[in-house]
1. Would you confirm whether or not region 26-40 contains a residue that is acidic (D, E), open to solvent by 40 Å² or more (accessible area, probe 1.4 Å) and under 21 Å from P97 (Cα atoms)?
2. Kindly establish whether A65 is in contact with a Phe, Trp or Tyr (Cβ under 8 Å, 6 or more places away or on another chain) and among the small types (G, A, S).
Amino acid sequence: FLAASNMVATCSFLLLTILYIIYPLLFKAILGFKTFTAMDDYVPYFIIFELFFSLGIVPTYYFNALGHEKRFLYFVIIFMLSSLSAMLISLHIFHTPSSLLYGLIGSCFANMILLNMLLNYTMHQKPRILQSVILMLPALFIALLILSSLFYLKIIFVSAGHIALYFVNIKGSKHQFKLL
């Protein structure tokens, strides 16, 4: 499970970082300038959402494989209700279409911490809150890269994101990757 989870997180973070870098050129070429311009404000936020949401791919299979579908269903219900609530609250505060994405991103971030705590509780009978938060660091730094407008901050966040990715997801997992 850990090898698969780390592999998916590593690949997702790297590919989504590359997508963030190339999407202006790629989307303009495929969609045309007018369509690209209409959606350009939303793509970075969607990439940030995917950074966090991709952390839930492997746990879904893990809960199903262990026969904990009911426990995962409760998590999905919590995820849906908190996401909808966060989106409506954000829309009420900011009054823009982007505000729905702000709420979705915030809810997804919090729910992935909750999912990791639920996983830790299932595997170790302890929620391991700090470990659950640490697992979010690579995605958080890459999200800050996307949100930052200053070039030197982008360099700092891309460096911090990939250093955190190495220490959180890769270091100590090389043997598990080979087994996978």
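The values are calculated or read from the model by the stated rules, or taken from the named source; none is laboratory data. Note that the structure is a prediction, hence the values are computed from the model and not measured. Here the Cβ positions follow ideal geometry from the backbone for every residue, glycine too, while neighbour counts run over all protein chains shown. Heavy atoms of the whole protein, side chains included, go into the accessibility calculation; ligands, DNA and RNA do not. Shrake-Rupley method; radii C 1.70, N 1.55, O 1.52, S 1.80 Å.
1. Our first condition is that a residue be acidic (D, E); within region 26-40, this holds for 40.
Within this subset, residues satisfying the condition of being open to solvent by 40 Å² or more (accessible area, probe 1.4 Å) are 40.
Remaining after also requiring under 21 Å from P97 (Cα atoms): 40.
Looking through region 26-40, at least one residue is acidic (D, E), open to solvent by 40 Å² or more (accessible area, probe 1.4 Å) and under 21 Å from P97 (Cα atoms).
2. Working: in contact with a Phe, Trp or Tyr (Cβ under 8 Å, 6 or more places away or on another chain): no; among the small types (G, A, S): yes.
When the stated conditions are applied, A65 does not pass them.
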